[in-house]
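Working notes, structure below.
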Amino acid sequence: MAQEQVTIRTADGDCPTHVVTPEGTGPWPAVIIYMDALGMRPALLGIATRLAENGYLALLPDLFYRSIPYDIPTPTEVFAKGEFRKIIGPLMEKTGPDKAAADTGQYLDYLDTRSDVKGEKVGTVGFCMGGGMALAAAGTYADRVAAAASFHGGNIASDKPNSPHLLAPQMKGEIYVAGADNDDSYPPEMHEKLKAAFDEAGVNYRAEIYPGALHGWMKPDFPIYNEEAAERGWREMLALFARNLG
């Protein structure tokens, strides 16, 4: 796989972004990855690389660019200290689904400049914090996002004015949402609220709860990584993109 680092200018500053492409010259359909709250690190590049291995140009922006420079311990250290919110809270305050959706306009503009991107339709996928961002992008740029996936996304159907579920009426792409069965940031009542919003809006979606999975199960550098559930998630994600992006 080929990797490069670029800088994408947004309304709030310069966003360092990794681009990982398959072997060859393309063109390939593009997928935008919305990271979790543990910052840019090798595990995220691993996700981008796996997408590239499956035939997609993967765009991985650092969603904490408004806070650069920042320093986050490894996920193992963060979980061991038990100070997750204390460590990442200040960083998360400077971003959110609405800000990430606004930034997506610049990500799409950048993709439009590349000759190795196939077509105008893209996919989005997000994890934890990024789950709601991937959905918000699908609602904000409905004519561009053909498919969106959220894995252990938190607060994706909340009472906040920027809650991603409020964009359901604008969504045109296929949506896949996977939640953990023990996740305070996505409890059963939120799962039902999200499905109700999607049903009312006529969204083409599937929303599931993975039994035995904890918040963050898709990330191999998280202590609660669940390989069986993660591989299930990857199968669903790749099938979603194959149906909608080719």
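The values are calculated or read from the model by the stated rules, or taken from the named source; none is laboratory data. This is a predicted model, so every value here is computed, not measured. Cβ sites come from the backbone with ideal geometry, for glycine too, and all protein chains shown count toward neighbours. What goes into the accessible areas is simple: the full protein's heavy atoms, side chains included, and nothing from ligands, DNA or RNA. Shrake-Rupley method; radii C 1.70, N 1.55, O 1.52, S 1.80 Å.
The Rg/Rh ratio for the stretch 207-246, using Cα coordinates for both the radius of gyration and the Kirkwood hydrodynamic radius, is 1.04.
When SER115, SER185 are compared by accessible area of protein heavy atoms, the largest-first order is SER115, SER185, using a 1.4 Å probe.
Quick check: convex hull over the Cα atoms of the stretch 120-193, volume per residue in Å³, rounded to an integer?
On the way: hull volume 5.4 nm³, N = 74.
With only Cα atoms used, the stretch 120-193 gives 72 Å³ per residue.
Over all pairs of different C-alpha atoms, the chain has a mean inverse distance whose reciprocal, the Kirkwood radius, equals 17.7 Å.
On full extension, the segment bounded by ARG206 and GLU227 gains 5.4 nm, given 0.36 nm per residue less the C-alpha separation. FRET efficiency for the ALA239 to ARG9 pair, using the beta carbon distance and R₀ = 30 Å, is estimated at 0.30. Among beta bridges from DSSP that stay inside the chain, the antiparallel ones total about 30%. Each stretch of four or more DSSP H residues adds -39500 (n - 2.57); spread over every residue of the chain, this sum gives -11500 deg cm²/dmol at 222 nm.
In terms of accessible area, using a 1.4 Å probe and ignoring ligands and nucleic acids, LEU214, LEU111 rank largest first as LEU214, LEU111. Within the assembled protein chains, the solvent-accessible surface assigned to PHE79 is about 80 Å², based on a 1.4 Å probe.
Each peptide in 199-205, 147-153 gets a packing score, the mean of other Cβ atoms within 10 Å over its residues, and the list from highest to lowest is 147-153, 199-205. Rg and Dmax over the alpha-carbon atoms of the stretch 106-246 stand at 14.7, 44 Å.
Per-residue SASA remark: ASP71, around 140 Å² accessible (1.4 Å probe; ligands, DNA and RNA not included).
Exposure check, 1.4 Å probe, all protein chains in place: TRP234 carries approximately 20 Å² of accessible surface. Given a Förster distance of 22 Å, report the FRET efficiency between ARG85 and GLU189 from their Cβ-Cβ distance, rounded to the nearest 0.05. The formula returns an efficiency of 0.55 here.
If one computes the Cα centroid of the stretch 1-42 and of the stretch 59-109, what distance in Å separates the two points? Cα centroid of the stretch 1-42 versus Cα centroid of the stretch 59-109: 15 Å apart.
The apolar share of the surface of the chain, taken as the fraction of accessible area on carbon and sulfur atoms (1.4 Å probe, ligands and nucleic acids excluded), comes to 49 percent.
The C-alpha atoms of the stretch 1-94 occupy a region whose extents along the principal axes are 44, 32, 16 Å, arranged from largest to smallest.
Counting only protein chains, not ligands or nucleic acids, how are ILE88, ILE68 ordered by accessible area (probe 1.4 Å), most first? Please report the intermediate quantities before stating the final value.
Details: ILE88 0, ILE68 85 Å².
From most accessible down to least: ILE68, ILE88.
Per residue, the chain exposes 43 Å² of accessible surface when a 1.4 Å probe is rolled over the protein heavy atoms with every protein chain present. For the stretch 130-246, the residue among ALA213, ALA134, ALA178 whose Cα projects farthest onto the positive side of the dipole built from Cβ charges is ALA134.
Going highest first, how would you order 99-106, 8-15 by mean Cβ packing within 10 Å? If you can, show how the numbers build up before the last one.
Details: 99-106: 21.0, 8-15: 14.6.
Packing proxy ranking, top to bottom: 99-106, 8-15.
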